[in-house]
Amino acid sequence: MVDLLDRRLVFVTGKGGVGKTTVAAALAALAAGRGRRTLVCEVDAKGNMADFFETGPTQFEERRIAPNLWAMSMDTEASLRQYLALQLHLPMFAAIGPLARMLDFVASAAPGVREIVTVGKLCWEVRERHYDTVVVDASASGHIVSQLSAPEAINQLVQVGLVRQQTGWMLDILGDPATTGLVAVATPDEMPVSETLELVGRVRGETNVDLAAVVVNRVLPELFSRSEEALFGRLGEPRVTASLDAELASPSRPLLDAARLMVTTRRSRTEHLERLRAGTDPAVPLLYVPYLFIRSHGMRATHQVADALAAELGY
Amino acid sequence: MVRGTQADGGVHSLDALYAAKEIVIVCGSGGVGKTTTAAATAAMAAVHHGGRVLVVTVDPARRLADALGIGGFGNEARQVPPDAFAAAGVEPRGELWAAMLDARQSWDALVRRHAPDAQTERRILENPLYQNIAGKFVQSHDYIAMERLYELHTEGRYDLIVVDTPPTRNAVDFIEAPARMAEFFSSRLLRLLIVPYRRRVVNLASRPFYQVADRILGSQFLSDIAEFFILFQTMYGGFVARARAVERLLHDKRTTFVVVSTLEAAPAHEAELFLQVLRSKRFHVGALVLNRVLPPYLLDPDGGAAASRLVAGAPDIARRLAPLLDAGEPSVERILTEVGEAYRNLRVVAKAEAAEREELAAVPDVVATAPELDADIHDLAGLLRLGMLIWN
């Protein structure tokens, strides 16, 4: 299996809310920190990738935000224009207003054009070797398959023309496991695990992109061993609780409840983790990222997740 | 007087809101429990308000079908069997029905409705572009979800329809979908694009465009596109009228929006934006549902200090507690430390949540909060348990 960060194009996807952007930002920070010239691209312009690096909003024009690290956000219309200027040698293209509008229109009228200019731009950065690594905060798992399979779909729809010629090299890049990999992010909860397993199946069946890793985010710590758990349970006995209250000069109940909440939540998640492991090809690494007890995101969280991933990857 | 409605006439609970409306659109960013909230509140309405309640989901998860005790989901609504309610220990006043949105089937139905004749219908359904639009590509789902809602509403078979919205790139995309669709099909550009294929005479003014388009896409693909739009234009009138009607329905006073979120930073931020957009577009925002909120005891004013004392004093406390527990001091000390740390860790998160809640300005009249549930929802009883927590 090719090492995750040796790949040159890494798509990060996952169900909404599982920390897809955090993981993409962390992987990009990790790659850049290891000396690779890295581009991180946000595809769904929610515009919060910038928050993970404490930097201003990203735009289509890539911008250097840290040593070895550049950031951009996808804009399909800008991408289409750039593509046309490069491929058709129409440098004045963007200036020809009505014509540009017409082509934007084709992009929204012809299905798959938006998807392919997104994937195409990213493949192009890889092909031209502008960066060592391109990390994509890709579409959520519901949409990623249609995005990644767009070149194939277009290839079947369009029999001739430039677009047809263009899809060939994209398919080569996407289909080469040494170059391109998909990272699926999940949390150990029921729905994200089910959706991840479904995604893994669809990626195998409908795209030629290799699944490089599954990241399990927000894994709660195991507080107690089995024997300790029995002992912990006994802290709830009235006379023990009473002594504890006296020791603390304050009710111990909220403290015990909080620990119990953590234990039961972790336990209910264990079965989902097992289901995820059982349903994933054993050759695909599962990388665990601990739950961070903060509910905001920023450079600190990005680095903590990057460190956790580095440890899992054996760096 | 509707239950939950106060003397001022305002609606102060989901109970009262659902009693007053015919369509509830549940929205929010991904992963916040939208589908579950839609199903749980629809079940509550069926139990307490009666009538025929339909929940429409775009989430194909088997789990919901299983939880509702129906074998599977389809575009056709199915009734949740009364046994499922009996098993949950309740006797519903009304009926609960469930349907899943199948984008492809809904598009096909739309074409059948608007196609002028059987031949056009067949040619559209067979057009490769149509098959891609209807089946694969993303934006079409937003429109068809709203279209299907309109159809279900105008059929008049249900007293209340609760819709779980599709996972859009941007949470507001789908409410604009009908307007976008109408605009698209009435566009002058679209007519220009298909002119040469209709008349077989290339308009001089548009020639550079066709040259470029031809080089990029190839003429076969262009004529596929053109055929598709020429065929689609035969349905133009019906289609645009329909899109406008859908839009009117979304603005109707019988329709309300329920925004679902957690108090994590990103979803809360998106919920805030969403509330703003809905208001500025004059949609009725009925409620905000906050899911998986940590319990209030984590914010206990004395809790933080007690946890610190427990961690700092763990060796001493363990020495005195160990005989009571008939256990070794080191393990008691470790457990006490873990308990204190667990509280402190969770308290940090709970405080961040409380701050997010404070920052949610301009919230609707109804704000319902549900805790993180300690078990997954596997059946109707589970859905109703969640429903109970947010209903009043």
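Details
- Against the conditions (1) free of Cβ contacts under 8 Å to residues at least 60 places away in the same chain; (2) within 14 Å of A:Val119 (Cα to Cα); (3) buried (at least 21 other Cβ atoms within 10 Å of the Cβ), A:Ser139 satisfies every one except (1).
- Within the range B:355-372, considering residues that are in contact with a helix residue (DSSP H, G or I) (Cβ under 8 Å, 6 or more places away or on another chain) and either farther than 20 Å from B:Leu299 by Cβ or without any contact (Cβ under 8 Å) to a residue 60 or more places away in the chain (or both), the one surrounded by the most Cβ atoms within 10 Å (Cβ to Cβ): B:Val366
- The one condition in (1) under 17 Å from A:Val185 (Cα atoms); (2) within 11 Å of another protein chain (Cβ to nearest Cβ) that A:Asp51 fails to fulfil: (1)
- Selection within the range A:250-275 - more than 9 Å from every other protein chain (Cβ to nearest Cβ) and touching a helix residue (DSSP H, G or I) at 6+ places or on another chain (Cβ under 7 Å): A:Arg275
- Annotation: A:Ala278 fulfils all but one of (1) at pLDDT 95 or above; (2) surrounded by fewer than 17 Cβ atoms within 10 Å (Cβ to Cβ); (3) at the interface with chain B (Cβ under 10 Å from one of its Cβ atoms); the unmet one is (3).
Yes/no matrix, rows are residues, columns are (1) within 30 Å of A:Phe232 (Cα to Cα); (2) away from chain A (no Cβ under 12 Å); (3) not in a helix (DSSP H, G or I):
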{"site": "B:Ala287", "(1), (2), (3)": "no, yes, yes"}
{"site": "B:Pro301", "(1), (2), (3)": "yes, no, yes"}
{"site": "B:Ser308", "(1), (2), (3)": "yes, no, no"}
{"site": "B:Ile317", "(1), (2), (3)": "yes, no, no"}
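Residues checked against (1) more than 8 Å from chain B (Cβ to nearest Cβ); (2) out of contact with any helix residue (DSSP H, G or I) (no Cβ under 8 Å at 6 or more places or on another chain); (3) modelled with pLDDT of 85 or more:
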position: A:Glu152; (1), (2), (3): yes, no, no
position: A:Gln159; (1), (2), (3): no, no, no
position: A:Leu171; (1), (2), (3): yes, no, yes
position: A:Gly181; (1), (2), (3): yes, no, yes
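- Output for the range B:124-143, where each listed residue is modelled with pLDDT of 80 or more, more than 14 Å from A:Gln156 (Cα to Cα) and surrounded by 17 or more Cβ atoms within 10 Å (Cβ to Cβ): B:Ile124
- Within the range A:10-63, the set of residues being over 17 Å from A:Tyr131 (Cα atoms), in contact (Cβ under 8 Å) with a residue 40 or more places away in the chain and either in a strand (DSSP E or B) or among the basic types (Lys, Arg) (or both) comprises A:Val12, A:Thr13, A:Gly14, A:Lys15, A:Lys20.
- Qualifying positions in the range B:234-252 - without any contact (Cβ under 8 Å) to a residue 12 or more places away in the chain and within 23 Å of B:Val162 (Cβ to Cβ): B:Arg248
- Checked against the criterion of being surrounded by 24 or more Cβ atoms within 10 Å (Cβ to Cβ) and within 30 Å of B:Tyr150 (Cβ to Cβ), the candidates B:Leu290, B:Leu273, B:Leu263 yield just one match: B:Leu290.
- So A:Glu222, is it of a type in the set (Asp, Glu), within 11 Å of chain B (Cβ to nearest Cβ) and part of a helix (DSSP H, G or I): no
- Test: A:Leu244 is at pLDDT 95 or above, crowded, with 18+ Cβ neighbours inside 10 Å, away from every other protein chain (no Cβ under 12 Å) and over 16 Å from the mean Cα position of the chain (by Cα): no
- B:Gly89 being at positive phi, modelled with pLDDT of 80 or more and not aliphatic (A, V, I, L, M): yes
- Scanning the range B:291-308 for residues that are under 37 Å from the mean Cα position of the chain (by Cα) and among the charged types (D, E, K, R) yields a total of 2.
- For A:Ser252, the criteria (1) buried (at least 18 other Cβ atoms within 10 Å of the Cβ); (2) closer than 21 Å to B:Asp376 by Cβ hold in every case but one, which is (2).
- Cβ-Cβ distances below 6 Å connect the following pairs, each with a first residue in the range B:325-347 that is more than 8 Å from chain A (Cβ to nearest Cβ), a second residue that is surrounded by fewer than 18 Cβ atoms within 10 Å (Cβ to Cβ) and not hydrophobic (A, V, I, L, M, F, W, C), and a separation of six or more residues or different chains: B:Glu329/B:Arg319; B:Glu333/B:Pro315.
- Restricting B:Glu356, B:Glu341 to those that are within 36 Å of the chain's Cα centre (by Cα) and either at pLDDT below 95 or assigned to a helix (DSSP H, G or I) (or both) reduces the list to B:Glu356.
The values are calculated or read from the model by the stated rules, or taken from the named source; none is laboratory data. None of the values given here were measured: they were computed from a predicted structure. Heads up, the Cβs are rebuilt from the backbone with ideal geometry, glycines too, and the neighbour counts pull from every protein chain shown.
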